[in-house]
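The values are calculated or read from the model by the stated rules, or taken from the named source; none is laboratory data. Bear in mind that the values here come from a model prediction, so they are computed numbers and not experimental data. Cβ placement follows ideal geometry from the backbone for every residue including glycine, while neighbour counts extend to all protein chains displayed. Accessible surface areas use protein heavy atoms only, side chains included; no ligands, DNA or RNA. Shrake-Rupley method; radii C 1.70, N 1.55, O 1.52, S 1.80 Å.
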Amino acid sequence: MAEFHDFNFKLVVVDELMYRRKTLTPAFDLDERMRARGIDIPAVYVLENELDEDVLDESRAYFEALEISEELLAGVDSLCFDAGLEIYRHCAPAWDGEDGLFDVRSLDDLALLPGLKRVVAVDDGTLAAPGKWEILAARGISGR
């Protein structure tokens, strides 16, 4: 199984496979897990417990341990680096997108995605790797 070096890059890949394409299953559902513990609204819980500036331990442990087959990774042809990705709600349910909690600072993990052809990074998104456009272009990956 592939080993990611940048946790935040892995989250973007997982978002594509788990929440967009629905090929990486079962989908992690923080709301469901927290309801099972008697917590009705995860965002309120993290705010009341001052956990809103971090990835929840439960989510981090799950996604760090999550194995993704090379076959699934090879099928990823596009990625979106946006502060509004679904996966972020399952990691930090009260995150407002205004800080660098999910910033991708390294593109070393591009080697795990041999089929990647396109990257979309919105202006206020999470792709913060130095020289990102040059690195992508050198790999033949278009970006905007």
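Taking residue 10 as the residue in question, decide whether it is under 11 Å from the mean Cα position of the chain (by Cα) and either part of a loop (DSSP other than H, G, I, E, B) or touching a residue at least 24 places away in the same chain (Cβ under 8 Å) (or both). So residue 10 fits the description; yes. With the requirement that a residue be hydrophobic (A, V, I, L, M, F, W, C) and assigned to a helix (DSSP H, G or I), what does segment 13-29 give you? Residues satisfying the conditions are 13, 14, 17, 18. Screening residue 46 against (1) in a helix (DSSP H, G or I); (2) over 14 Å from the mean Cα position of the chain (by Cα); (3) closer than 17 Å to residue 28 by Cα leaves a single unmet condition, (3). Report yes if some residue within segment 17-32 is open to solvent by less than 20 Å² (accessible area, probe 1.4 Å) and not aliphatic (A, V, I, L, M); otherwise report no. Yes - at least one qualifying residue is present in segment 17-32. Just one of the numbered conditions (1) in contact (Cβ under 8 Å) with a residue 12 or more places away in the chain; (2) not in a helix (DSSP H, G or I) is not true of residue 38: (1). Under the condition of being surrounded by 15 or more Cβ atoms within 10 Å (Cβ to Cβ), hydrophobic (A, V, I, L, M, F, W, C) and outside any strand (DSSP E or B), the residues counted in segment 115-132 number 3. For a quick check of your reading of the model, give me the residue pairs whose first member lies in segment 79-102 and is crowded, with 18+ Cβ neighbours inside 10 Å, whose second is among the polar types (S, T, N, Q) and not in a loop (DSSP other than H, G, I, E, B), with beta-carbon atoms closer than 7 Å and at least 6 apart or on different chains. Partner pairs satisfying both residue conditions: 90/59; 91/59; 102/8. I'd like the full set of residues that are within 17 Å of the chain's Cα centre (by Cα), without any contact (Cβ under 8 Å) to a residue 12 or more places away in the chain and open to solvent by less than 100 Å² (accessible area, probe 1.4 Å), limited to segment 49-73. Passing the criteria: 61, 65. Please verify whether residue 76 is open to solvent by less than 70 Å² (accessible area, probe 1.4 Å), farther than 12 Å from residue 11 by Cα, in contact with an Asp or Glu (Cβ under 9 Å, 6 or more places away or on another chain) and at pLDDT 95 or above, treating the condition exactly as stated. The answer is yes for residue 76.
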